[in-house]
Amino acid sequence: MLISVVVPCYNEETVIGLTYRVLSDELRGMTDDYEMIFVNDGSKDGTLTQLKAFAESDSHVKYISFSRNFGKESAMLAGLRYASGDYTAIMDADLQHPPELLAEMLAYAQEGYDQVIAQRDRQGDKAIGTFLARTYYRLVDRLTDVELTDGIGDFRMLSRKALDALLSMNEYNRFSKGLFSWIGFKEKLIKYENRQRAAGETKWNFRSLLRYGVDGVLSFNDKPLRFCLYLGGAAIGVSVLYLLSLLLSILFEGIDLPGYFTTIFAICFFGGVQLVSIGIIGEYVGRIYYEVKRRPHYLIDESNLRDQ
């Protein structure tokens, strides 16, 4: 029984050594047949140098290094493609995902669960961040065709059947949280206490979080496009009612020439509706643009893995 653990890394030189030691100790206590696949996502620090050192001294360590930064989604995909285990886990390099949960996840996977999913609480997070996250998940659950749950991320263990199903989807614009939910299969949820990074700084900022949030909304449904249709219909309805009120006003009170407020309101309202609609359509067109190009998700610069 081979266990694979995929660990995406980006500028993690301050913590990757600790992650390797803790993860190695945990896996050695579980089985002798395991592999750790570290994916260097174009790091600009000493992350790759350390990964090479680990690989030289430990045959269980595999590494993949990209030609540049392609993003976490691409890093996870690369690791999953090269994973050869009967069970494959995904975890972050900063130890916010506790490696000691892997033994419990494996036990449930051996019972027949295809996805053993870790869900964190939000203890220790900032109040504003917790509020925005919960609001986002409520919104996404209403808008998308897949179920996303607050606290559930990429930390999970997959059976070979679930992994093969996941890899069968080759779309360019990947949103793994939605893909995990979409493939389904038998799932088991494990809850754990929130942890802070063991070292280093988060690579997520407001802009990247916003972009990731938009990807989540647009990747699994066409409801925003339908919203444009509804919004346009509502705008037409409001306009008709307003025109009727003007007609009645003219019939009973005569013509009122000024009309400044009416003109400005109409311009701003309909202009806003058009810009919002064009923006939403543009997001979908942009995704189609990248899909039809069929560019690779990543380019590998060097690795100690053979092509699979």
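Each reported figure results from applying straightforward, stated rules to the coordinates on display, with no laboratory input. Note that this is a predicted model, so its numbers are computed, not measured. In this analysis, Cβ positions are derived from the backbone assuming ideal geometry, glycine residues included, and neighbour counts consider all displayed protein chains.
A few comments on the model shown:
- For the residue pairs Lys52/Lys72; Lys72/Lys191; Lys62/Lys188, the C-alpha atoms sit more than 25 angstrom apart in Lys62/Lys188.
- Unit charges at the beta carbon, dipole of region 17-100: most positive-side option, Tyr20, Ser43, Ala78: Ser43
- Sorting 67-74, 88-95 by average packing, meaning the other beta carbons within 10 Å per residue, from highest down gives 88-95, 67-74.
- Ser67 paired with Gln119, simple spin-label distance in nm, labels 7 Å along Cα-to-beta-carbon: 4.2 nm
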